[in-house]
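Below: the structure, in structure tokens.
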Amino acid sequence: MRKDFLVYGSPAIENAEIEEVVGVMQSGWLGTGTKVAQFERDFSEYKDIEFAVALNSCTAALHLSILAAGIGPGDEVITTPLTFCATINAIIHAGAKPVLADVDPVTMNIDPEKVLAKITPNTKAILPVHFAGRPCDMDALCKIASEHKLKIIEDCAHAIETEYHGRKAGTFGNFGCFSFYVTKNIVTGEGGMVITKAEQDAARIKMLALHGMSKDAWKRFGDKGYKHYQVVECGYKYNMMDLQAAIGIHQLQRIEPYWHKRQEIWLHYNEAFADVPITLPTQAEPDTRHALHLYTILIDEQRCGISRDGFLDAMTAQNIGIGVHYLSIPEHPYYQQTFRWQPEDYPHAMRIGRQTVSLPLSAKLSDSDYKSVISAVRSIIALKV
Ligand SMILES: Cc1ncc(COP(=O)(O)O)c(C=O)c1O
């Protein structure tokens, strides 16, 4: 058993970002400024799209995208029950009603047929989540959206590197929303980004992210002289700081080597668990790129001789930090009380949520780290079957 606790999702942080952060601290300009502007430029270049707006979270990115899409009270947004609560909460924050469509049991992504069945005259958008980094069936979802005149807002929190039929995740619909939270493929601590092709949408999101103050209000303390700002809408405090962007600029440069490192670990896991009675993640489909964000296994108590929660405890006892992505949304009391959702109404998401475990998968893992994960999984399951 390993001696120290392996923190789940711990990111690789290198000297370049440490030095950049120190430089920002010494510069005296810690808040939104030139580093944020550079991170936005670099990200829009990486995604090959006109506009990128950096924010303090993906939750903020989703919330402002929904508002910028003109969605609000009386409107419905169809999304997946197998997601983080932020996806659902962002819809509620915008005043709209979230509507769930169950996932495909194999891909774990929203099932386009189930989306179709949930469309009403109030439906305004589809909000797909590229779960674990695997792209959703965007051909089918885009077709539904265009036939029913719906917007598409992609939750790409897991999907920075994801591609589908030659196109990059986040560029299919009106908005793509990204997370740089500490466990994500690249990090800024907390942080998010919206990408869009529409200049006026990018400008509105930027303005809403800083209290609704008029364009370029962040420059008001700059060396070009004080600029008065005007509050033109009641906005939010969602801006990214230079301190965060200083990390992101360097992380983004390493996005490819980090992806290859996770792929290496992914393949080692696949090989090591081939004879273990757990369900492994399914292969990426042809002509797509999986972002390899989560390595999720399913623990079926009948086959494994241990419950999912028993397995979580056993892994922790072996000093391995693990994750659960996710208990399905209708398992939570707030949504049950507010929307009368029941887990059984979304059976695939319910089963996955009750069986799933995410194993450590980060560019920071050393060979001995991932080997300790393999031997812990093998020993826990072997003891039970
Ligand atoms: C699918 C999904 N959507 C949204 C979010 C929210 O991201 P953030 O923590 O940057 O607000 C997360 C974060 O874990 C997520 O996994």
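For every residue, the table says whether it meets (1) within 14 Å of the ligand (Cβ to nearest atom); (2) at pLDDT below 95; (3) more than 14 Å from SER328 (Cα to Cα).
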{"site": "GLY72", "(1), (2), (3)": "no, no, yes"}
{"site": "ASP75", "(1), (2), (3)": "no, no, yes"}
{"site": "ILE78", "(1), (2), (3)": "no, no, yes"}
{"site": "LEU82", "(1), (2), (3)": "yes, no, no"}
{"site": "ALA90", "(1), (2), (3)": "yes, no, yes"}
{"site": "HIS93", "(1), (2), (3)": "yes, no, yes"}
{"site": "VAL129", "(1), (2), (3)": "yes, no, no"}
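Return yes or no: is ASN239 more than 27 Å from HIS325 (Cβ to Cβ) and within 15 Å of the ligand (Cβ to nearest atom)?
Answer is yes for this residue.
Quick one: which residue in ALA217, ALA245 is among the aliphatic types (A, V, I, L, M) and touching a residue at least 60 places away in the same chain (Cβ under 8 Å)?
The match here is ALA245.
Looking for something over 18 Å from ASN174 (Cβ atoms) and either among the aromatic types (Phe, Trp, Tyr) or part of a loop (DSSP other than H, G, I, E, B) (or both) - is there at least one such residue anywhere in the stretch 112-120?
Within the stretch 112-120 (the criterion being over 18 Å from ASN174 (Cβ atoms) and either among the aromatic types (Phe, Trp, Tyr) or part of a loop (DSSP other than H, G, I, E, B) (or both)), the answer is yes, since at least one residue qualifies.
Is it fair to say ILE249 is open to solvent by less than 10 Å² (accessible area, probe 1.4 Å), in contact with a Lys or Arg (Cβ under 7 Å, 6 or more places away or on another chain) and either assigned to a helix (DSSP H, G or I) or within 14 Å of the ligand (Cβ to nearest atom) (or both)?
yes
So, in the stretch 182-207, exactly how many residues are open to solvent by less than 30 Å² (accessible area, probe 1.4 Å), within 16 Å of the ligand (Cβ to nearest atom) and of a type outside the set (Ser, Thr, Tyr)?
Of the residues in that region, 10 qualify.
If SER57 meets every condition in (1) more than 19 Å from the chain's Cα centre (by Cα); (2) within 25 Å of LYS219 (Cα to Cα); (3) not aromatic (Phe, Trp, Tyr) apart from one, which number is that one?
For SER57, the exception is condition (1).
Can you tell me how many residues within the stretch 312-330 are buried (at least 19 other Cβ atoms within 10 Å of the Cβ) and farther than 17 Å from TYR370 by Cα?
Count: 5.
Please enumerate the residues belonging to the stretch 143-162 that are part of a strand (DSSP E or B) and within 12 Å of the ligand (Cβ to nearest atom).
If the condition is that a residue be part of a strand (DSSP E or B) and within 12 Å of the ligand (Cβ to nearest atom), then ILE153, GLU154, ASP155 are the ones that fit.
Return the only residue of ILE110, ILE13 being within 14 Å of the ligand (Cβ to nearest atom) and at negative phi.
ILE110
Just for helices (runs of 4 or more DSSP H) wholly inside the stretch 284-361: which have at least 3 residues that are within 23 Å of ALA86 (Cα to Cα) and hydroxyl-bearing (Ser, Thr, Tyr)?
Output list reads 333-339.
When both residues are 6+ apart or on different chains and their Cβ atoms are under 8 Å apart, which pairs have a first residue that lies in the stretch 77-100 and is within 18 Å of GLY323 (Cβ to Cβ), and a second that is surrounded by fewer than 18 Cβ atoms within 10 Å (Cβ to Cβ)?
These pairs meet every condition: CYS85/HIS332.
Take ALA68 and decide whether it is open to solvent by less than 40 Å² (accessible area, probe 1.4 Å) and either at pLDDT below 95 or within 14 Å of the ligand (Cβ to nearest atom) (or both).
Judged against the criteria, ALA68 is not a match.
Which pairs have Cβ atoms under 8 Å, sit 6 or more apart or on different chains, and link a residue in the stretch 330-357 that is among the basic types (Lys, Arg) to one that is open to solvent by less than 70 Å² (accessible area, probe 1.4 Å) and part of a helix (DSSP H, G or I)?
ARG354/ARG308
Tell me whether the stretch 368-379 contains one or more residues that are within 16 Å of the ligand (Cβ to nearest atom) and either out of contact with any Asp or Glu (no Cβ under 7 Å at 6 or more places or on another chain) or at pLDDT below 95 (or both). Quick ask: steps written out before the conclusion?
First, the residues of the stretch 368-379 that are within 16 Å of the ligand (Cβ to nearest atom): none.
No, there is no match, as no residue in the stretch 368-379 is within 16 Å of the ligand (Cβ to nearest atom) and either out of contact with any Asp or Glu (no Cβ under 7 Å at 6 or more places or on another chain) or at pLDDT below 95 (or both).
The values are calculated or read from the model by the stated rules, or taken from the named source; none is laboratory data. All values reported here derive from a predicted model rather than from experimental measurement. Positions of Cβ are generated from backbone atoms using ideal geometry, with glycine treated the same way; all protein chains shown enter the neighbour counts. Heavy atoms of the whole protein, side chains included, go into the accessibility calculation; ligands, DNA and RNA do not. Shrake-Rupley method; radii C 1.70, N 1.55, O 1.52, S 1.80 Å.
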